[in-house]
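Notes follow once the structure below has been shown.
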Amino acid sequence: MPALRLCLLSILALPLLAQAATPVTVATVEMKQPVRELLINGTLAADQAARLSASVSGLVNRVGVDIGDAVGAGDVLLELDAELNQLALRQAQASYRQQAATLNDAKRRLTEANSLSRSIAASEIRSLEAEVETSKASLAASQAEVLRQKALLKRHTLSAPFAGVISAKLTEVGEWVTPGTPVLELVGSNTLHADFAVPQRYFSQISQETPLTIRLESASTSRTDSAPQTEIPAEITAIVPVNDPSARTFVLRASLPSQGLTPGMAVFGNLSIQSSSAEPVVPRDALLRDVQGNVSVWLAVVNADGNADGNADGDADGDELVARRRAIKVRPGQSDPVIVLEGLRKGDKVVVRGNEGLRDGDRIQVTR
């Protein structure tokens with residue numbers, strides 16, 4: 001009999017235990033313009049890259065650099081044999097001195113003739129004046145020839161137009177080179193840029209003020225807990241509207257520091273795009289995922305079968321609340337809060353704490 005009585009008491013107590021409300025914390029679904037993270041792939045390239053060639057034809061006399069050498073702007077890279085141009089310069093300088101002497105003599109004779117103008121015919125004085133002007137013109141031509149020969153002589157030396165690294169050596173001592181034929185390739189080392197192919201549907205949402213961070217491809221594959229991944233801030237410098245119509249992409253170019261980076265490296269970019277329209281968002285803690293990847297939340301709703309007696313198990317208005325499971329769709333790859341595509345609307349209350357052991361229809365108590 002005592003055992004039977006205890007069993008009956010236990011059975012009668014089950015409904016009372018079932019009625020105990022589960023304490024939960026809820027959040028209200030809000031409409032926001034969330035920041036969407038877009039992952040893009042790109043390649044680093046140097047802002048400056050040039051295939052260098054000589055300005056004049058000539059025989060290579062010296063190559064002062066090799067592949068991999070770092071050079072500064074103005075450093076001599078290559079010299080051509082300039083013996084013939086040196087001789088031509090000397091000849092032009094000699095001709096200049098001769099024309100200068102001729103002009104000085106013409107000026108002297110004109111001065112003497114002017115001092116003896118009473119005994120010398122006016123036509124002779126005019127002839128001397130013309131001779132002076134002719135000598136001046138000849139002197140100017142000789143001076144121009146000297147400058148031309150100096151310029152040609154200078155062009156027998158190839159200098160670096162900007163600081164960088166020699167990436168290719170295309171000639172050797174003893175070869176004959178001509179203008180327009182590349183002899184060296186130089187890649188700038190001061191600044192780099194990354195070119196990304198971005199889907200065209202994001203074109204209207206991206207501007208040069210859009211935040212962009214870049215990380216290396218190697219960093220994403222070899223990241224460890226002891227060595228956190230480094231994100232490099234970058235600045236968007238150009239947005240090219242149409243690049244590949246068949247691929248439906250456009251080019252986004254960003255500049256970034258060159259420390260520790262080299263042209264040709266593959267990189268990942270992370271664009272923080274502000275959504276153009278308001279969308280429902282919920283805290284990530286409200287999401288429940290099953291093994292198939294389906295997403296759901298627990299809603300706190302007023303129990304239609306309950307009473308509004310103002311007890312402590314209900315909400316602030318005294319309504320009894322119960323948990324109802326709702327399947328939803330969310331935008332993948334989002335940080336907290338999560339964008340909801342389907343299943344929720346503004347004002348819905350979702351459970352964010354205490355949702356682990358809930359069952360459909362369980363009474364809940366909102367804790368604050």
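The values are calculated or read from the model by the stated rules, or taken from the named source; none is laboratory data. Predicted model only: the values in this text are computed from it and were never measured. FYI the Cβ positions are ideal-geometry reconstructions off the backbone, even for glycines, and counts take in every protein chain you see. What goes into the accessible areas is simple: the full protein's heavy atoms, side chains included, and nothing from ligands, DNA or RNA. Shrake-Rupley method; radii C 1.70, N 1.55, O 1.52, S 1.80 Å.
Listed values, structure above:
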item: Failed condition for T249, given (1) among the polar types (S, T, N, Q); (2) surrounded by fewer than 16 Cβ atoms within 10 Å (Cβ to Cβ); (3) at pLDDT 85 or above; result: (2)
item: Per-region count, segment 346-362, residues closer than 14 Å to P283 by Cα and open to solvent by 60 Å² or more (accessible area, probe 1.4 Å); result: 3
item: Segment 314-328 - residue that is open to solvent by 60 Å² or more (accessible area, probe 1.4 Å) and modelled with pLDDT of 90 or more and, of those, nearest to R36 (Cα to Cα); result: A327
item: Subset of segment 281-290 [touching a residue at least 40 places away in the same chain (Cβ under 8 Å) and open to solvent by 20 Å² or more (accessible area, probe 1.4 Å)]; result: P283, R284, D285, L287, L288
item: Candidate set from segment 213-236 (those that are farther than 13 Å from G42 by Cβ and among the β-branched types (V, I, T)); member that is modelled with the highest pLDDT; result: T230
item: Any hit, segment 128-145, residues being among the hydroxyl-bearing types (S, T, Y) and open to solvent by 60 Å² or more (accessible area, probe 1.4 Å); result: yes
item: Failed criterion for G293 (all others in (1) of a type in the set (G, A, S); (2) open to solvent by 40 Å² or more (accessible area, probe 1.4 Å); (3) at pLDDT below 75 hold); result: (3)
item: Residues that are modelled with pLDDT of 85 or more, under 22 Å from I166 (Cα atoms), of a type in the set (A, V, I, L, M) and open to solvent by less than 20 Å² (accessible area, probe 1.4 Å), drawn from segment 185-207; result: L186, A194
item: Q365, sole failed condition from (1) at pLDDT 90 or above; (2) more than 41 Å from the chain's Cα centre (by Cα); (3) closer than 13 Å to V24 by Cα; result: (1)
